[in-house]
Amino acid sequence: MTKLKILPGICGLITLVEANSDDGLDVTLIIKSDCDAVSKMFKELGSTFDSYDLCLVKPGEGPFYNYASVNFPGHCACPTICGIIKAVEVECKLALPKNVQIIFE
């Protein structure tokens with residue numbers, strides 16, 4: 001099991017992610033988000049996904065970004081979808097766990 005807490009910035013809409021995979025291919029996500037758009041996305045898309053469909057696509061593609069491009073409010077810098085995909089990468093052994101930071105100077 002891989003767990004993440006995504007702190008997206010000024011909106012303060014925290015998302016908790018739990019990713020589970022038995023085979024490294026299919027992944028089940030449990031998402032608890034303060035963001036209505038993120039919560040709605042998982043109500044509509046479900047909770048089980050092919051990790052390759054999520055992680056091994058070009059930036060801005062795949063089921064989450066395709067959904068968001070039509071249904072999310074206009075805010076392309078939101079790190080939440082990226083964070084959810086990072087959890088899948090780690091859980092399915094497609095990447096090593098390492099924190100990500102965006103730091104204003």
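Assorted remarks:
- Restricting region 10-38 to residues that are among the small types (G, A, S) and more than 16 Å from K86 (Cβ to Cβ), the residue that is nearest to the chain's Cα centre (by Cα): A37
- All of L45, L54 fail the test of being closer than 17 Å to E18 by Cα, surrounded by fewer than 17 Cβ atoms within 10 Å (Cβ to Cβ) and in contact with a helix residue (DSSP H, G or I) (Cβ under 7 Å, 6 or more places away or on another chain), apart from L45.
- Any hit, region 74-97, residues being in contact with a Phe, Trp or Tyr (Cβ under 8 Å, 6 or more places away or on another chain), over 22 Å from I10 (Cα atoms) and free of Cβ contacts under 8 Å to residues at least 40 places away in the same chain: no
- So V57, is it modelled with pLDDT of 95 or more and not in a helix (DSSP H, G or I): yes
The values are calculated or read from the model by the stated rules, or taken from the named source; none is laboratory data. From a predicted model like this one, the values you see are computed outputs, not experimental measurements. With ideal geometry, Cβ positions are generated from the backbone for all residues, glycine too; neighbour counts draw on all protein chains shown.
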